[in-house]
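The structure appears below as structure tokens.
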Amino acid sequence: MRGAHNQNGWNVPFRSDQGVRKGDLGGWVSSKYLNDGTIRISGEAWVAGDAIVKENARVEGNACVKDNAVVAGSVRVSRCAVVEKGAMIWGTIEVTDWARVGGSARIWLILW
């Protein structure tokens with residue numbers, strides 16, 4: 001993952017095939033790697049439009065987190081899934097295949 005590092009994490013560049021210029025900054029991720037050393041953003045996945053990926057969350061495959069969305073905890077966004085438009089997901093949750101989560105959606109998992 002290439003991007004500009006700042007004191008709190010990484011700004012990820014947009015994918016060039018999305019109609020923006022190479023080097024434009026996209027969303028924010030807390031680090032390049034998860035706690036176990038696995039890369040946080042992998043494959044053709046991307047983070048854009050002021051989205052946030054933090055804690056132990058990861059984005060894989062062709063998945064996308066964009067437009068002010070937040071994924072945190074142990075969330076996994078994979079395959080062609082999209083989390084967008086301010087949605088917030090936290091916990092041990094997987095968003096996969098062609099799923100889309102957006103708008104005012106708030107999804108979290110609390111184990112008692």
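The values are calculated or read from the model by the stated rules, or taken from the named source; none is laboratory data. Keep in mind the model is a prediction, meaning the values are calculated, not measured. In this analysis, Cβ positions are derived from the backbone assuming ideal geometry, glycine residues included, and neighbour counts consider all displayed protein chains.
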The lone exception for residue 44 - which of (1) in contact (Cβ under 8 Å) with a residue 24 or more places away in the chain; (2) surrounded by 15 or more Cβ atoms within 10 Å (Cβ to Cβ) it fails: (2)
Scan the stretch 88-107 for residues that are within 13 Å of residue 57 (Cβ to Cβ) and assigned to a loop (DSSP other than H, G, I, E, B) and jot them down. 92, 93
Within the group 37, 27, which residue is over 17 Å from residue 98 (Cβ atoms), small (Gly, Ala, Ser) and either touching a residue at least 40 places away in the same chain (Cβ under 8 Å) or not in a loop (DSSP other than H, G, I, E, B) (or both)? 27
Which one of these does residue 110 not meet: (1) in a loop (DSSP other than H, G, I, E, B); (2) surrounded by 16 or more Cβ atoms within 10 Å (Cβ to Cβ); (3) β-branched (Val, Ile, Thr)? (2)
Tally of residues being aliphatic (A, V, I, L, M) and more than 9 Å from the chain's Cα centre (by Cα) across the stretch 41-71: 0
Among the residues of the stretch 41-56, what is the count of those that are charged (D, E, K, R) and at pLDDT below 90? 2
So in the stretch 20-34, with the set limited to residues that are over 10 Å from residue 53 (Cβ atoms) and either hydroxyl-bearing (Ser, Thr, Tyr) or modelled with pLDDT of 85 or more (or both), which one is surrounded by the fewest Cβ atoms within 10 Å (Cβ to Cβ)? 33
